[in-house]
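Since every read-out is calculated from the coordinates, none of them should be taken as a lab result. Keep in mind it's a predicted model, so treat the numbers as computed, not measured. Here Cβ is always computed from backbone atoms with ideal geometry, including for glycine, and neighbour counts include all displayed protein chains.
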Amino acid sequence: MFRGVAAVESTAMADIEVNSTSEEGFVTRSRIGGFELTVDATDEEGPNPNATLVADYASCYIPAFRVGAQQRDYDDLGKIEIDAEADLDDDDDLEAIRFDIRVEADIEGDEDELVERGEDICHVHSALREELHADISIDGNAF
């Protein structure tokens, strides 16, 4: 009697398709559309998975922050830069993430609302467990 999980046939197209391959060792190369991403658990041929997740989170948050700002009539924020930090627990699992954001535009007085709007829009923020949501500080008129 078969007790495993049967493959599920789907006639619908997936929204995201990724092919990840590891030939040997701890390096994985993923094809995402026409792009290739190399992730290496040893940090030798690419960033490790935790660092990649933190970078992905920051890369998602910036455009989400811009959209949220546009919704509040900030049409040109100029340059936005995030310095992201993360803490690992004893098992090397992500324990905390922090973003220090610098924005070229003067957003004085609206920082909290813009941070919240960015959080509401960022898909990576939504996908992470709540205790891993970034602790965000922001500095407007920074460049």
Problem set entry | Helix 49-70 axis, angle to the chain major axis (alpha carbon atoms, nearest 10°) | 40
For this session: Place a label point 7 angstrom from the Cα of residue 106 along the Cα-to-Cβ direction, then list the residues of the range 34-77 whose backbone nitrogen is under 16 Å away.
Result: 74-77
Exercise. If we count other beta carbons within 10 Å of each Cβ, what is the order of 44, 104, fewest first?
Worked result: 44, 104
Problem set entry | Among 111, 23, 131, residue whose mean-square fluctuation peaks in a GNM of the chain (springs only between Cα atoms under 10 Å) | 23
Exercise. Any idea which of 134, 96, 74 is furthest toward the positive side of the dipole for the range 49-139, if Lys and Arg beta-carbons carry +1 and Asp and Glu beta-carbons -1?
Worked result: 74
Problem set entry | Estimated D of the range 48-143 in µm² per second, where Rh is the Kirkwood radius over Cα pairs and Stokes-Einstein applies at 37 °C, 0.692 mPa s | 242
For this session: Between 24, 119, 130, find the one with the highest GNM mean-square fluctuation for the chain; connect C-alpha pairs within less than 10 Å.
Result: 24
